[in-house]
1. Which residue is modelled with the lowest pLDDT, if the candidates are limited to segment 164-214 and must be more than 13 Å from residue 229 (Cβ to Cβ) and basic (Lys, Arg)?
2. Give the number of residues within segment 53-68 that are surrounded by fewer than 17 Cβ atoms within 10 Å (Cβ to Cβ), among the aliphatic types (A, V, I, L, M) and at pLDDT 70 or above.
3. Just the residues that are out of contact with any Ser or Thr (no Cβ under 8 Å at 6 or more places or on another chain) and either hydrophobic (A, V, I, L, M, F, W, C) or assigned to a helix (DSSP H, G or I) (or both), please, taken from segment 115-136.
4. So, in segment 374-425, exactly how many residues are modelled with pLDDT of 75 or more and not small (Gly, Ala, Ser)?
5. Residues 299, 307: which one is under 23 Å from residue 358 (Cβ atoms), surrounded by fewer than 16 Cβ atoms within 10 Å (Cβ to Cβ) and over 22 Å from the mean Cα position of the chain (by Cα)?
6. If I ask for residues that are within 14 Å of residue 225 (Cα to Cα) and either buried (at least 16 other Cβ atoms within 10 Å of the Cβ) or over 21 Å from the mean Cα position of the chain (by Cα) (or both), which ones from segment 247-260 would you list?
7. Can you give me the number of residues within segment 136-158 that are modelled with pLDDT of 90 or more and not hydrophobic (A, V, I, L, M, F, W, C)?
8. So residue 161 ticks every box in (1) modelled with pLDDT of 90 or more; (2) under 21 Å from residue 228 (Cβ atoms); (3) touching a Gly at 6+ places or on another chain (Cβ under 7 Å) but one. Which box is left unticked?
Amino acid sequence: MSQMSNPKTAPVTCNSWGRRRKRSKMEKPDFTKGLPDDVLSHILSFLSIDEAVRCSVLSKKWLNLWKNTSHIEFNVKKMMKPLTQLLHSREPQTSLDSSLLIGNSVCKTVSRYGFLVYPIILRHTSDLSSCKFVHVWKSLVYGDVQSWIKVLLRFKKGVTNLSLECEPDYGEVTEHFMSKNNVMVQKPYFPPRTFANLASLELINYVIDCPEAFIGCINLKTLKLNMMNIDEVILGGILENCVALENFSLLDSIGFDKLIIINQSLKVLQLQKLCVDELKVSCQNLKVLLFDCIICEPNGVGIQTPNLTTFRSYCYSMYDVSDEEGRSILKIREILAHSSQEYPSRNVFINLSTLSLDLDLNHLGEVKDLYAVLLLCSCLQVLEISLPVFEHQSFFLSNDHVLPYPIISKFWERENLCYCVNKKLKFVCIRGFKGSEQEVGFVKYLISRATMMKRITIISNGLLEDADQKLFSLVPRASGNLSINFKFN
C-alpha cells in the first residue's frame with residue numbers, strides 16, 4: 001500500500017521553483033542596507049514626525065533612527081486621527097480636513113495631538129537643531145504652544161531654527177475658541193527672552209502684541225513674519241532687539257500704517273503683499289531688496305540703500321489691485337522717482353549688479369521707466385524682465401505714455417546709449433516673450449550695443465517663428481562672446 005506524501009517533506013516541483021525565481025527577480029534590491037545610520041537619519045529629517053516614526057516598522061535598523069534626526073516637524077494635519085490620515089496619505093491635502101474638527105471631537109482630538117509632542121521631544125536622543133510646529137487655534141488658546149516651546153528649548157539646547165505656524169480658521173471651529181468677550185483669542189504669550197538663543201525664526205498667522213520674547217536676540221540672523229497682525233510699535237521693538245539680523249521677510253501682514261525699517265546689519269529684505277501709508281527703508285549694508293505687490297502712495301516711499309546689489313520688484317501677480325482709497329501697487333518708476341527726491345544726492349542703484357522686475361516692453365510708460373533705471377545702473381550685469389500675460393487696456397487710450405517718436409520700436413535706437421548696457425551688462429533673461437515689434441526691437445538693441453554681453457535668454461510661452469529667431473542671428477553683434485538661447489514653456 002503506497003504511503004501518502006507529506007506536504008512538509010514534498011519535493012519542490014519545477015513550477016514552484018520557477019515561481020520563486022520569478023518573484024526574486026521582481027523584488028527590487030534594498031539600496032538603504034549599505035547606508036550608514038546618520039545618512040538615513042538625515043533623510044528622515046525631511047519627513048514630518050509621524051512619517052518618520054512609521055518608518056520604524058521597516059526593519060530593526062530603522063527602529064530608532066527617528067530619534068537621531070536633526071529636524072522634527074510636528075504637523076497637526078497629519079498627527080490628528082493618524083489612522084485616517086494614513087488611509088488618505090496619497091490624496092493631496094491643501095488644508096486641514098474640517099471633518100477632523102467638527103463638534104465635540106475638536107478638544108479631544110487636539111488634546112491627544114498635544115500630549116504626543118512631549119514624549120517625542122523627550123525620547124529624541126540626538127542633537128536637534130531645527131523644529132517646526134503646525135497647530136490649530138485650540139492649541140494656542142489653552143497655552144499648548146507656549147508649553148511645547150518651553151519644553152523644547154529646555155531639553156534641546158541645540159535648537160537654533162524654529163518655525164511656528166497656526167492653521168487658518170475656516171469657520172468650522174470658531175465657536176469653540178471664543179473668549180468670554182466673544183473675541184478670538186489668538187495672541188500667544190511667550191515669556192521674555194524666549195527666542196534669545198535662536199538663529200532663525202519663522203512665525204505664520206499670529207497676532208503679536210508685545211516684543212518681550214525677542215529681548216536678547218543677539219544671535220538671530222533670519223526672521224520671517226507671514227500673515228501676521230502686528231502694529232508698527234511692536235514691529236519696531238522686535239527689529240530693535242534683533243541687533244544682528246541679516247535676513248528679514250514681512251509677508252502678507254496687517255496692523256501697521258507705517259513701515260519704517262532702520263537696521264544697519266540687515267543684508268536681505270523681502271516685503272510682499274503689504275498696504276501702508278508710508279514706507280521707509282534705511283539700511284546701509286543691505287545687499288538684496290525684494291518688493292512684491294506693495295500698495296503705498298509714491299510720495300510716502302523712501303529708500304536709502306547705498307550698497308544695494310540686487311533689486312527685485314514685482315507687481316503683475318496682483319496687477320490693477322487697489323485698496324479702498326484707490327491706491328494701486330507701486331511701480332518701479334515710482335520707487336525710483338521718490339527715493340531720488342527723498343535723497344537727491346544719493347543714487348540707490350549706483351552699485352546695483354542684478355535687476356529683476358515685471359515690465360511690459362510693449363507699454364510706452366514702462367519702456368521709459370526701464371531706460372531711466374538703466375541710466376542710473378552704472379554697474380548692472382544681470383537684467384531679468386518678466387512680461388505680463390495680459391495686455392494693457394490703456395495702451396492706445398492714455399496720452400501719458402505717448403512718445404515723441406512715431407515708431408515705438410525705434411525708441412532704443414534714438415535714445416542715448418546707456419553706459420551699463422554698453423560696458424557692463426552680461427546676462428539678460430526675458431520671460432513671456434511674444435515676438436512683438438517692440439520686444440524684438442529691445443533685443444536687437446542689446447545685441448548690437450552690449451559689448452560685454454555673454455548670454456541672452458528668451459523664454460516664450462509659445463513657439464517663435466523661425467524668421468524671428470533668424471532675425472536675431474542677422475543682427476551685428478557688439479560682443480564676440482554672445483550666445484542667444486531660446487526656451488519654450
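The values are calculated or read from the model by the stated rules, or taken from the named source; none is laboratory data. Only a predicted model underlies this, so the values are computations on that prediction, with no experimental measurement involved. FYI the Cβ positions are ideal-geometry reconstructions off the backbone, even for glycines, and counts take in every protein chain you see.
1. 180
2. 1
3. Once the filter is applied, which keeps residues that are out of contact with any Ser or Thr (no Cβ under 8 Å at 6 or more places or on another chain) and either hydrophobic (A, V, I, L, M, F, W, C) or assigned to a helix (DSSP H, G or I) (or both), segment 115-136 yields 115, 116, 117, 118, 119, 120, 121, 122, 123, 134, 136.
4. So the answer is 30.
5. Exactly one residue qualifies, and that residue is 299.
6. Hits for segment 247-260 are 247, 248, 249, 250, 251, 253, 255, 256, 259.
7. So the answer is 7.
8. The single condition residue 161 does not satisfy is (3).
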